Structures are given as C-alpha cells and as structure tokens.
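One structure is given below, encoded as structure tokens.
The values are calculated or read from the model by the stated rules, or taken from the named source; none is laboratory data. This structure is a prediction, so every number in the text was calculated from the model and none was measured. Backbone-built Cβ (ideal geometry, glycine too); neighbour counts: all protein chains shown. To get the accessible areas, we keep the full protein, side chains included, count just its heavy atoms, and leave off ligands, DNA and RNA. Shrake-Rupley method; radii C 1.70, N 1.55, O 1.52, S 1.80 Å.
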Amino acid sequence: MASISSSFERSLTRLSSDYTLTSLRLGHNPSEAGPAEIQALATALETNSTVTLLDLSDNDLSATAVQILAVALQRNSTVTSLNLSDNDGGSSGAQAIATAQGTNSTLKALGLSGNQAGSTGVRGLATALETNSTLESLELSGNQVGSDGAQALAAALETNSTLRSLDLSFNQVGSNGAQALAAALGINSTLESL
C-alpha cells in the first residue's frame, strides 16, 4: 500500500485487521481518496463483516470510484449506512448504486446529495426502490432530479413499503413532479418525511 495516502492507509489497515471496527468516517478527504484508495477500500469491504457505517462524503469521488464501491456493496452484507454525498458520481454512479441495491439486503440509509445524478440516475434509483425492502432513508438533495425524476420516484413510492425518509430539496421537481409525489403519498403509508 505504498502508493496509498496515510489516513486512508491507516483506515484500510484497520479495516482489514480489526474485527471490532463498526464506523469508518473518511469524509472530507478529497486529496487522499484517489483511485488506488477507493479500490483498496472496496476490496476490503467485500470481506469485512463489522463495518456498518461508511462515510465517504465530500471526497470528489468520480463516477468510476462510485461504481467500484457499488460492486463492493453488492458483496458486502454489513454496511447499513453509506454516505456518498457531495461527490461527483453523476448519473452513472447513481445507476451503479441502484444496481447494487438489487442484491444488497442490508443498506438502510443512503446519502447521495450533491452528486449530479440527474433524472437518469434518479430513475435508476427509483426502479431499485420498487423492489428494495431494506432502504429506509434516501438523501437526494441537490441532484437535478427534475420533474421526470420526481415522477419516477413517485411511482416507486406507490409500491415501496420500507422508505421512511426521502430528501428531494434543491431539485426543481416542478409542478408535475410535485403532483405525482402528492398522489403517491396518498398510497404510500410508510414515508414519514419528504
């Protein structure tokens, strides 16, 4: 791990050898979260059985980095809270996370605020929400969701029975998106915060 930066290296060493570590907070380290660090973290997450909280917010993670993490998430069975807010995952990163949601049955809280997911990425997440039975909190503020994305989420809310909190602030959902969400709230009985 000679090429891996110091704080990430210490965390990854601990992640691989400490079977009591439950929270890994590596947010706000953009200069240290390069491709080598993310790949090493993803590899460690695939076999780790203790970390339940992973915070990688505000690390300037690219879509490729988010995609690498999404693959690890498909194989990880302990992470219940993942914060990827304020990164650069874009629509392809959001779609990769949506794909991971199809096989991951432990993630309960997902933070993707400020990732420029756009309506395309959000539609992927909405499709995953239609069948996902574990996610309880989804933060999507500042993702350029737009009316199309809001309508896709509204359709997902009509069938999803686990999501309790959905943050869509700063997304210009428009009147059609707002109307679709309002109609979905008439059907959905589990959402407590929108």
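Points to keep in mind about this one:
- Summed over the stretch 184-194, the residues that are out of contact with any strand residue (DSSP E or B) (no Cβ under 9 Å at 6 or more places or on another chain), under 16 Å from residue 129 (Cβ atoms) and open to solvent by 30 Å² or more (accessible area, probe 1.4 Å) give a count of 3.
- When the stretch 21-46 is filtered for residues that are among the aliphatic types (A, V, I, L, M) and in a helix (DSSP H, G or I), the ones remaining, listed by number, are 36, 38, 40, 41, 42, 44, 45.
- Residue 162 open to solvent by 10 Å² or more (accessible area, probe 1.4 Å), in contact with an Asp or Glu (Cβ under 7 Å, 6 or more places away or on another chain) and in contact (Cβ under 8 Å) with a residue 24 or more places away in the chain: yes
- Pairs with Cβ under 8 Å, 6+ apart, first in the stretch 42-58 and open to solvent by less than 40 Å² (accessible area, probe 1.4 Å), second among the acidic types (Asp, Glu): 50/18; 57/86
- Only a single item in (1) surrounded by fewer than 15 Cβ atoms within 10 Å (Cβ to Cβ); (2) part of a loop (DSSP other than H, G, I, E, B) is not met by residue 87, and it is number (1).
- Residue list for the stretch 86-125, restricted to those being touching an Asp or Glu at 6+ places or on another chain (Cβ under 8 Å), farther than 18 Å from residue 165 by Cβ and not small (Gly, Ala, Ser): 86, 87, 88, 116, 123
- Against the numbered list (1) surrounded by fewer than 23 Cβ atoms within 10 Å (Cβ to Cβ); (2) over 24 Å from residue 175 (Cβ atoms), residue 115 comes up short only at (1).
- Subset of the stretch 108-130 [over 12 Å from the mean Cα position of the chain (by Cα) and under 14 Å from residue 58 (Cα atoms)]: 116
- Residue among 78, 134, 99 that is in a helix (DSSP H, G or I) and among the β-branched types (Val, Ile, Thr): 99
Here is a yes/no grid of residues against (1) in contact with a helix residue (DSSP H, G or I) (Cβ under 7 Å, 6 or more places away or on another chain); (2) at pLDDT 95 or above:
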site: 20; (1), (2): no, no
site: 28; (1), (2): no, no
site: 36; (1), (2): no, no
site: 39; (1), (2): yes, no
site: 48; (1), (2): yes, no
site: 60; (1), (2): no, no
site: 68; (1), (2): yes, yes
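- So residue 107, is it in contact with a strand residue (DSSP E or B) (Cβ under 9 Å, 6 or more places away or on another chain), open to solvent by less than 50 Å² (accessible area, probe 1.4 Å) and not in a loop (DSSP other than H, G, I, E, B): no
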